[in-house]
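Participant: One structure coming up, written as structure tokens, with questions to follow.
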Amino acid sequence: MLGLYVHIPFCSAICNYCNFNRGLFDADLKERYVAALLREIATSPSTSLGAGGAAADTIYFGGGTPSLLEPWEIGALIHACRHAFAVTNDAEITMEANPETVTPERLAGFREAGVNRLSYGVQSFRDDELQRLSRLHSASRAADAFAMARAAGFDNVSLDLMMWLPQQTIAQWLESVDALIALGPDHASLYILELYPNAPLRDAMARSQWSLAPDDDAAEMYLQAMARLDAAGYEQYEISNVARPGRASRHNLKYWSDGEWLGFGCGAHSTRRGVRWKNVSSTTEYIAAVASGGQLAAERRVLTDREALEEALFTGLRLTRGIDVHTVNARYTTDVWGIYGDGLERFREAGLLIYDGRLLRLSRAGMLLANEIMSEFVSSPVVD
Ligand code: SF4
């Protein structure tokens with residue numbers, strides 16, 4: 001089934017490490033943007049490779065900060081998705097939210113609008129780290145936001161944390177992991193901070209002489225956090241994601257398991273029937289293109305069979321269950337181990353990759369070297 005992604009590119013402030021497609025909140029621009037989204041969603045069944053009437057079982061509001069929208073706007077967007085596609089009654093409907101944007105009333109409104117899964121960008125439960133990241137919330141605000149979500153009836157809440165932050169020690173990182181476990185979310189995502197070349201955080205680090213822990217410490221951060229989450233009853237299902245049983249992100253699994261999805265809004269990606277496309281990135285250009293009925297896709301590419309295969313392998317290996325090689329062989333009429341086995345053998349011998357003749361997966365140690373191992377699958381550039 002399809003996944004539907006809706007991009008909301010507005011934030012109250014721009015974090016000093018952020019490389020997402022986002023801009024500062026502007027009430028007038030937001031109003032025009034939501035109107036454009038409603039129109040794009042309404043017309044997409046006829047423009048998205050025969051997606052009319054297609055079934056969808058997930059809707060995901062990502063950003064940016066989707067929780068800056070009013071509950072009725074989120075409700076109208078969900079309604080538009082339901083009108084344009086056969087959205088299942090039990091669809092997973094996720095909204096990313098920043099802790100400082102929610103109140104009990106707003107959360108009740110989002111729940112009423114149909115959102116049934118919240119994903120909070122917490123990043124750290126230490127105030128000094130949050131300040132270095134120029135985040136607007138504090139650790140206690142994040143804990144309050146979590147409690148408010150539970151009180152509003154959300155029984156599926158995810159929290160994001162970031163590791164390997166400037167000045168962060170292993171012990172400080174584990175404080176955040178323990179604080180997360182103490183709250184007991186249904187799902188957690190742990191990401192390593194990636195500093196893009198011109199990130200303002202790089203300047204702040206240079207000015208304040210903040211440094212990053214050594215690479216070996218970053219590996220320890222990852223391994224120790226995963227061990228604590230294992231012990232607390234979470235199941236790791238992807239390199240960066242753990243969940244209580246049955247709470248893995250249905251939407252994000254589509255990205256890692258060769259699924260199909262349609263993306264709405266500026267910069268949103270779609271993949272359907274072997275074609276991949278991406279909307280124009282600029283918010284104002286997007287609004288103008290929708291208004292004029294013009295071309296929304298800035299990039300469009302038909303994947304070759306080889307590219308589709310490599311992408312399926314590349315993303316599938318992110319999952320702890322790994323890749324069912326027999327299924328992939330049948331789907332792509334190929335011989336995965338015959339093509340890639342020579343290059344992968346050294347990783348198998350080193351215990352980084354596990355292959356039993358059917359399932360191919362990374363060991364936890366292998367997850368630390370995932371990019372290097374996965375690069376064996378990329379004979380041609382991965383599609384952007
Ligand atoms: S809230 Fe998220 S999307 Fe917005 S600037 Fe910060 S990191 Fe980027």
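All of the numbers you see were taken from the coordinates with simple rules; none came from a lab. Predicted model only: the values in this text are computed from it and were never measured. Here Cβ is always computed from backbone atoms with ideal geometry, including for glycine, and neighbour counts include all displayed protein chains.
Participant: Quick query: amide H of Gly263 versus all other amide H atoms, modeled in the peptide plane; which residues come in under 5 Å with a sequence gap of 5 or more or a different chain?
Facilitator: Under 5 Å from the amide H of Gly263 lie the amide H atoms of Tyr5, Ser270, Thr271, each far enough along the sequence or on another chain.
Participant: What cysteines in the chain have no other cysteine with a beta carbon less than 4.7 Å from their beta carbon?
Facilitator: Lacking a cysteine Cβ partner under 4.7 Å: Cys11, Cys81, Cys266.
Participant: Next question. Taking H placed 1.01 Å from N in the peptide plane, check which residues at least 5 places from Leu353 or on another chain put their amide H under 5 Å from its amide H.
Facilitator: The list, which skips near neighbours in sequence, is Arg348, Ser363.
Participant: Taking only C-alpha pairs under 8 Å that are 6+ residues apart, what is the relative contact order of the chain in percent? Mind dumping the intermediate values first?
Facilitator: Values: 674 pairs, mean separation 55.5, N = 384.
Dividing the mean separation by the residue count of the chain yields 14 percent.
Participant: Based on the mean of other beta carbon atoms within 10 Å per residue, what is the order of 300-310, 217-227, most packed first?
Facilitator: 217-227, 300-310
Participant: Can you give me the relative contact order of the stretch 77-131 as a percent, contacts being Cα pairs under 8 Å and 6 or more apart? Each step should come with its number before you reach the end.
Facilitator: Numbers: 34 pairs, mean separation 22.1, N = 55.
This gives 40 percent for the stretch 77-131.
Participant: May I ask you to order 258-270, 317-329 by the average number of other C-beta atoms within 10 Å around their residues, highest value first?
Facilitator: Values: 258-270: 22.8, 317-329: 17.8.
Packing order, densest peptide first, comes out as 258-270, 317-329.
Participant: Order the peptides 371-378, 138-145 from the highest to the lowest mean number of other Cβ atoms within 10 Å of their residues.
Facilitator: Sorting 371-378, 138-145 by mean packing, highest first, produces 138-145, 371-378.
Participant: Ok, one more. How far, in nm, would the chain grow between Ala35 and Thr333 when pulled straight, counting 0.36 nm per residue and subtracting the alpha carbon separation? Working shown, then result.
Facilitator: On the way: separation 298, 0.36 × 298 = 107.28 nm, distance 4.41 nm.
Here the segment from Ala35 to Thr333 would lengthen by 102.9 nm.
Participant: Quick check: residue separation of Ile192 and Ile170 times 0.36 nm, minus the Cα distance between them. What number comes out in nm?
Facilitator: On the way: separation 22, 0.36 × 22 = 7.92 nm, distance 1.30 nm.
That pair, Ile192 and Ile170, stretches by 6.6 nm at full extension.
Participant: Can you work out the Karplus-derived ³J(HN,Hα) for every residue in the stretch 4-16? Use 6.51 cos²θ - 1.76 cosθ + 1.60 with θ = phi - 60°, whole Hz, and x for glycine or proline.
Facilitator: Along the stretch 4-16, the couplings run 10, 10, 10, 8, 10, x, 10, 9, 6, 8, 9, 5, 6 Hz.
Participant: Quick check for me: using +1 on Lys/Arg Cβ and -1 on Asp/Glu Cβ, what's the dipole size of the stretch 305-377 about its Cα centre, in debye to the nearest 20?
Facilitator: 360
Participant: Turning to a different aspect of this structure: Looking at Met374, Thr320, Tyr355, which one has the Cα that reaches farthest to the positive end of the dipole of the stretch 305-377 (charges on Cβ: Lys, Arg +1; Asp, Glu -1)?
Facilitator: Thr320
Participant: Amide H neighbours of Glu299 under 5 Å, at least 5 residues apart or on other chains, H built in the peptide plane: list them.
Facilitator: Lys278
Participant: I've got another one for you. Rounded to the nearest 500, what is the chain's calculated 222 nm mean residue ellipticity when only DSSP H runs of at least 4 contribute -39500 (n - 2.57) each, over all residues?
Facilitator: On the way: 15 runs with 164 residues, N = 384.
Here the helix-only value at 222 nm equals -13000 deg cm²/dmol.
Participant: Got a sec? Charge dipole of the stretch 2-255, +1 on Cβ for Lys and Arg, -1 for Asp and Glu; which of Ala182, Ile41, Ala227 is way out at the positive end?
Facilitator: Farthest towards the positive pole: Ile41.
Participant: Could you go through the stretch 175-182 in sequence order and give the Karplus-derived ³J(HN,Hα) for each residue, using 6.51 cos²θ - 1.76 cosθ + 1.60 with θ = phi - 60°, rounded to whole Hz, and x for Gly and Pro?
Facilitator: 4, 5, 4, 5, 5, 5, 4, 5
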